[in-house]
Amino acid sequence: MTDGRLRWGILGAARIAVRRVLPALQRSERSAVVAIASRDRARAEDVARQFSIPTIHGSYDALLANHDIDAVYIPLPNSLHHQWTLRSAEAGKHVLCEKPLATSAEEAQEMVQACRERGVLLQEAFMHRFHPQIEAVQALVAAGEIGPPWLVRSAFTFTVTSADDIRLNPSLGGGGVIDVGCYCVNISRLLLGEPHAAYAAAHIEGVDVRLAGILRFDGDRVAEFDCGLRAPFRQFCEVVGVSGSIFLERPFQPEERPPTVLVRRGDQERRLEIPGANQYVLMVDHFAECVHQNRTPRYPAEDAVANMRAIDALRESARSGRVIPI
Ligand SMILES: NC(=O)c1ccc[n+]([C@@H]2O[C@H](COP(=O)([O-])OP(=O)(O)OC[C@H]3O[C@@H](n4cnc5c(N)ncnc54)[C@H](OP(=O)(O)O)[C@@H]3O)[C@@H](O)[C@H]2O)c1
């Protein structure tokens, strides 16, 4: 830490780092990006220039050997999250790892264990849950505004334009449910708890490019969702209680515009204006604060293990056509 700022290193010149997370780290008053590594030094130089990052490493290992770094951000393909989290923990670095934390619950559990043993913080970079609109929904549900929630419906679909995108590559951990369905699974679990069974049907083109899934929870509660990488752009979440419902138009990527939360009870409809926020800044600030104050994060990494358990079951169901217990 310098001046109370967490000193970050970035593993890979990934699109998400350039588009979202580096701008957020620049805005964060608790963070300083001190180094970036790329397999291609010229690419790291480009990004370093753009974000005034002082140190460039030509390999991820070289960055992990840098003693001036407290924490790493890992925006690598999903199949590499496990390996580089273990190596980062070994090097004594705190880890903010992109979603999905791993490609299976087993991998995720090993990552949690390795970080615990090394005394470093591990967090999955699910940014949506730091947005005030999600806190508003949780508060409305807790206040009984819609009665006991029994159903969560959600979707996150879009079209990946490039054929060599990592999301379409099975050997890099691509696939609709693991890459974007993970958001729907996460928001369903956030609102309903842990599911006990999963069913899914998918269309496969190398990976599942469109998938619809159902998760069952205790007390006959259900989550249904669809996700896709070759589908029109859609995102929404609806929480249905026994006496009302809550609708979010942009639950996962609201950008910084103030989102609206629509609450319906009988024939009454209320629109709540939520202040705009940058959920990536809120996420990295929270991470830095937890490291600084040695605090347990709001969403411990074990949550990612449970998310992966549900995703494992959904994938198994899509393969076998059976309902899979979780
Ligand atoms: N939270 C969010 O909003 C959000 C949004 C999109 C994606 N993501 C997640 O972020 C991660 C990266 O996604 P992205 O879309 O940014 O991917 P991307 O642009 O393809 O970046 C991945 C980076 O990983 C590095 N890499 C190392 N080995 C690689 C390999 N064998 N093939 C390809 N790249 C390799 C590359 O960096 P160097 O060549 O520079 O080393 C590359 O730039 C994924 O886990 C994804 O699920 C999160």
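The values are calculated or read from the model by the stated rules, or taken from the named source; none is laboratory data. What you are looking at is a predicted structure, and each value in this text was computed from that prediction instead of being measured. So basically every Cβ, Gly included, is an ideal-geometry build from the backbone, and we count neighbours across all protein chains shown. In case anyone asks, the SASA skips ligands and DNA or RNA and just uses the protein heavy atoms, side chains included. Shrake-Rupley method; radii C 1.70, N 1.55, O 1.52, S 1.80 Å.
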Taking the stated definitions as given, is residue 280 part of a loop (DSSP other than H, G, I, E, B), open to solvent by less than 40 Å² (accessible area, probe 1.4 Å) and aromatic (Phe, Trp, Tyr)? no
Residues of the stretch 1-20 that turn out to be under 14 Å from residue 63 (Cβ atoms), more than 8 Å from the ligand (Cβ to nearest atom) and open to solvent by 10 Å² or more (accessible area, probe 1.4 Å), as a count: 1
Of the conditions (1) closer than 19 Å to residue 120 by Cα; (2) of a type in the set (A, V, I, L, M); (3) open to solvent by 40 Å² or more (accessible area, probe 1.4 Å), residue 64 satisfies every one except a single condition; which number is it? (3)
Go over the candidates 83, 138 one by one and state the one that is open to solvent by 30 Å² or more (accessible area, probe 1.4 Å), at pLDDT 95 or above, within 13 Å of the ligand (Cβ to nearest atom) and among the polar types (S, T, N, Q). 83
Residue hits (the stretch 86-102; out of contact with any strand residue (DSSP E or B) (no Cβ under 8 Å at 6 or more places or on another chain) and buried (at least 24 other Cβ atoms within 10 Å of the Cβ)) are 102
Under the condition of being charged (D, E, K, R) and under 21 Å from residue 235 (Cα atoms), which residue from the stretch 156-176 is surrounded by the most Cβ atoms within 10 Å (Cβ to Cβ)? 167
Going through 201, 223 one at a time, which residue ends up being open to solvent by less than 50 Å² (accessible area, probe 1.4 Å), among the small types (Gly, Ala, Ser) and not in a helix (DSSP H, G or I)? 223
Quick check on my filter: what residues within the stretch 169-180 are over 18 Å from the mean Cα position of the chain (by Cα) and either within 11 Å of the ligand (Cβ to nearest atom) or on the phi > 0 side of the Ramachandran plot (or both)? 169, 171
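Listed here are the residues, each with its yes/no results for (1) closer than 24 Å to residue 174 by Cα; (2) within 22 Å of the chain's Cα centre (by Cα); (3) basic (Lys, Arg).
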| residue | (1), (2), (3) |
| --- | --- |
| 31 | no, yes, no |
| 35 | no, no, no |
| 42 | no, no, no |
| 48 | no, no, no |
| 54 | no, no, no |
| 64 | no, no, no |
| 69 | no, no, no |
| 79 | yes, yes, no |
Out of the residues in the stretch 21-77 meeting the condition of being of a type in the set (Ser, Thr, Tyr) and outside any loop (DSSP other than H, G, I, E, B), tell me which one is nearest to the ligand (Cβ to nearest atom). 60
Mind telling me which of the residues 153, 210 ends up being farther than 24 Å from residue 299 by Cβ, open to solvent by 20 Å² or more (accessible area, probe 1.4 Å) and in a strand (DSSP E or B)? 210
Which numbered condition residue 136 fails, given (1) outside the structural domain of residue 219 (by TED's automatic domain parsing); (2) in contact (Cβ under 8 Å) with a residue 40 or more places away in the chain; (3) among the small types (Gly, Ala, Ser): (1)
Counting only residues that are more than 23 Å from residue 295 (Cα to Cα) and in a helix (DSSP H, G or I), which one in the stretch 86-133 is nearest to the ligand (Cβ to nearest atom)? 107
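Looking at 256, 194, can you tell me which residue is more than 16 Å from the ligand (Cβ to nearest atom), in a loop (DSSP other than H, G, I, E, B) and not small (Gly, Ala, Ser)?
Numbers: 256 fails: more than 16 Å from the ligand (Cβ to nearest atom).
Criteria check complete, one pass: 194.
For the stretch 313-323, what are the residues that are touching a helix residue (DSSP H, G or I) at 6+ places or on another chain (Cβ under 7 Å) and either at pLDDT below 95 or open to solvent by less than 50 Å² (accessible area, probe 1.4 Å) (or both)? Don't jump to the end; show me each part of the working.
Within the stretch 313-323, the first condition is being touching a helix residue (DSSP H, G or I) at 6+ places or on another chain (Cβ under 7 Å), and the residues that meet it are 314-315, 323.
Matches in the stretch 313-323: 314 only.
Assess whether residue 53 counts as being open to solvent by less than 30 Å² (accessible area, probe 1.4 Å) and under 27 Å from residue 107 (Cβ atoms).
no
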Failed condition for residue 161, given (1) more than 19 Å from residue 100 (Cα to Cα); (2) modelled with pLDDT of 95 or more; (3) within 13 Å of the ligand (Cβ to nearest atom): (2)
Kindly indicate whether residue 277 is in contact with a Leu (Cβ under 6 Å, 6 or more places away or on another chain) and closer than 30 Å to residue 5 by Cα. no
